[in-house]
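Novice: What follows is a single structure, and I will ask about it in a moment.
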Amino acid sequence: MAALRRLITGNPKPSSLIPPSLLICRRGIASKLFVGGLSFYTNEKGLVDAFSQYGQVMEAKIVTDRVTDKSKGFGFVTFASEDEAETAMTEMNGKALNGRVIFVDYAKPTQNLGGGMPIARGPPEPAAKNE
């Protein structure tokens with residue numbers, strides 16, 4: 001971990017208040033774009049084709065429903081550099097793709113909302129009897 005901290009921050013001492021994992025996450029997120037308003041017929045290859053004219057697309061992912069495996073109408077495109085991502089965002093935001101106007105913005109880091117098992121709260125309270 002100390003070696004990774006030196007590589008990222010250039011600081012040999014662990015005095016930095018920002019953990020290196022957060023720095024890696026922040027650097028990676030700057031080149032990842034959120035693409036909303038996609039047609040349900042747009043596939044990942046179509047997304048790559050549309051965005052590759054603005055730079056090297058590292059990954060294109062369309063979010064699908066777990067049960068039906070159909071598109072949810074949004075996805076993510078990751079570029080090799082932040083400059084390419086910024087150019088693609090300004091050029092593609094508000095443009096039509098497969099008959100739908102798409103909205104492009106920087107992707108936000110995922111937040112752990114607790115996920116997993118729900119919190120057990122016990123049985124419901126008995127209803128009060130009206131006399």
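The values are calculated or read from the model by the stated rules, or taken from the named source; none is laboratory data. Because the structure is predicted, anything quoted here is derived from the model rather than measured. A quick note on method: Cβ atoms are made from the backbone with ideal geometry, for glycine too, and the neighbour counts reach across all protein chains shown. Heavy atoms of the whole protein, side chains included, go into the accessibility calculation; ligands, DNA and RNA do not. Shrake-Rupley method; radii C 1.70, N 1.55, O 1.52, S 1.80 Å.
Novice: Quickly run through the stretch 58-110 and pick out the residues that are open to solvent by less than 90 Å² (accessible area, probe 1.4 Å), of a type in the set (D, E, K, R) and in contact (Cβ under 8 Å) with a residue 40 or more places away in the chain.
Specialist: Matches in the stretch 58-110: Glu84, Asp105.
Novice: Still on this structure, please answer the following. In the stretch 98-107, is there at least one residue being part of a loop (DSSP other than H, G, I, E, B) and at pLDDT 95 or above?
Specialist: Within the stretch 98-107 (the criterion being part of a loop (DSSP other than H, G, I, E, B) and at pLDDT 95 or above), the answer is yes, since at least one residue qualifies.
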